[in-house]
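Just so it is clear, none of the values below were taken in a lab; they were calculated from the coordinates. Source: prediction; values computed, not measured. Glycine gets a Cβ as well: all are built from the backbone with ideal geometry, and neighbour counts include every protein chain shown.
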Amino acid sequence: MTQKITPSTALLLTIAPLMWAGNAIVGRSINALVPPLTLNFFRWSIAAIILLPFASWIFRRNSALWTHWRRFALLGLLGVGLYNSLQYLALKTSSPINVTLVAASMPVWMLMIGSMFFGVRVSAKQALGAVMSIAGVLLVLSRGELQQLLALRLVPGDILMILAAIIWSFYSWLLTLPKDPAQIRANWIAFLLAQVAFGAVWSGAFSAAEWTFADPHIVWGWSLIAALIFVAIGPAIIALRCWGLGVQRVGPTVAGFFSNLTPLFAALMSAAFLGETPHLYHGLAFLLIVGGIVVSSRH
């Protein structure tokens, strides 16, 4: 697996956090319209329906999917069911910027999990890149003021996002294992649908539990429908495809640094919706985050 970042790979790994930032903004804006676990179920069910006409052959009786169903069920549980459910739950008590900032601990978890469970050595440059990237995130969080950073307090949603970041790190490392049938791996839509289909089943189970043990409600309207279409196409299909291909090219460790672009995009989107202009610290944070990516990926 090469660690060299080409322009096309950098673009793939930038599109994913851009979509995820939009997902956090939209997820927060509709949290009063639909319960979080049900939102996740709707999102991935719509994504599965969109993908189905292009790769329905994977569900045939003689498909390699059924001989490798445990792997795809695990990928669907981690990358589709758990991670996204935890993110939408986190958005009930935390802001989009905070959620994406906490998720920006991803490079650290990528390094730790790769070292502990996948036998990948952490280099000094990767450690330095992680420090630079996290510094950029903290700069956005503090808005360039130390007092803001010292006043930071974690809420339940932040704790949920830490757990989600760990789960996503495991998911990303599992993508690198050469255990997928060539028939499915060669077709990106089939590979994505295999995960999304199982993920939708997991999400459905979580949603059923939500309706059993809680008292949720749904407020239908065009704003909710538009939001569901966006999160199903952008942060789901497009982002998952870009992330998966990027991870296969450069590995989870390097790709993990790109996830730190998510809070920066979320801050800019939040500022845009509030009518505010970007500040100098946004630019400095961007330089630190990108600098961390460059340093960590150099041989």
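Under Stokes-Einstein, with the Kirkwood radius over Cα pairs standing in for Rh, what whole-number D in µm²/s applies to the chain at 20 °C and 1.002 mPa s?
Numbers: Rh = 19.5 Å.
Using the Kirkwood radius from Cα pairs, D works out to 110 µm²/s.
Relative contact order, percent, of the chain when contacts are C-alpha pairs under 8 Å separated by at least 6 residues?
Computed over the chain, the figure is 43 percent.
Could I have the simple spin-label model distance between T6 and D215, label points 7 Å from Cα toward Cβ, reported in nm to one decimal?
5.7 nm
Hey, what do the phi angles of region 283-289 turn into as Karplus ³J(HN,Hα) couplings, whole Hz, using 6.51/-1.76/1.60 and θ = phi - 60°, x for Gly and Pro?
x, 5, 5, 4, 5, 5, 5
How much length, in nm to one decimal, is gained on full extension between R121 and F230, taken as 0.36 nm per residue of separation minus their Cα-Cα distance?
Gain in length upon complete extension: 35.4 nm.
Compare A124, A48, A200 in a GNM of the chain, Cα atoms joined below 10 Å, and give the one with the largest fluctuation.
Evaluated over the chain, the most mobile residue of the options is A124.
What full-extension length gain, to one decimal in nm, is calculated for V131 and L280 as 0.36 nm per residue of separation minus the Cα-Cα distance?
This chain segment gains 51.6 nm when fully extended.
Could you identify which residue out of L101, L175, L146 has the top mean-square fluctuation in a GNM of the chain using Cα springs shorter than 10 Å?
L146
Distances over 22 Å make up what percent of all Cα-Cα pairs in region 1-81? Don't jump to the answer; show the numbers that get you there.
Numbers: 1573 of 3240 pairs.
It works out to 49 percent of all Cα pairs.
Once you've got the GNM for the chain with C-alpha springs shorter than 10 Å, pick whichever of I97, I58, I225 has the biggest mean-square fluctuation.
So, out of I97, I58, I225, the one fluctuating most is I225.
How large is ³J(HN,Hα), in whole Hz, for each residue of region 181-197 in order, when computed from phi with the Karplus curve 6.51 cos²θ - 1.76 cosθ + 1.60 and θ = phi - 60°, using x for Gly and Pro?
Those phi angles translate into x, 4, 4, 8, 5, 6, 10, 5, 5, 5, 5, 6, 5, 4, 6, 5, 4 Hz.
If only Cα atoms are counted, what is the Rg of region 15-142, and what is its Dmax, in Å?
Calculated on Cα positions, Rg and Dmax stand at 18.0, 55 Å.
Can you work out D for region 78-119 in µm² s⁻¹ from Stokes-Einstein, where Rh is the Kirkwood radius over C-alpha pairs, the temperature is 4 °C and the viscosity is 1.567 mPa s?
113 µm²/s
Can you tell me the Rg and Dmax of region 183-285, counting just the alpha carbons, in angstroms?
Cα only, region 183-285: 18.1, 49 Å (Rg, Dmax).
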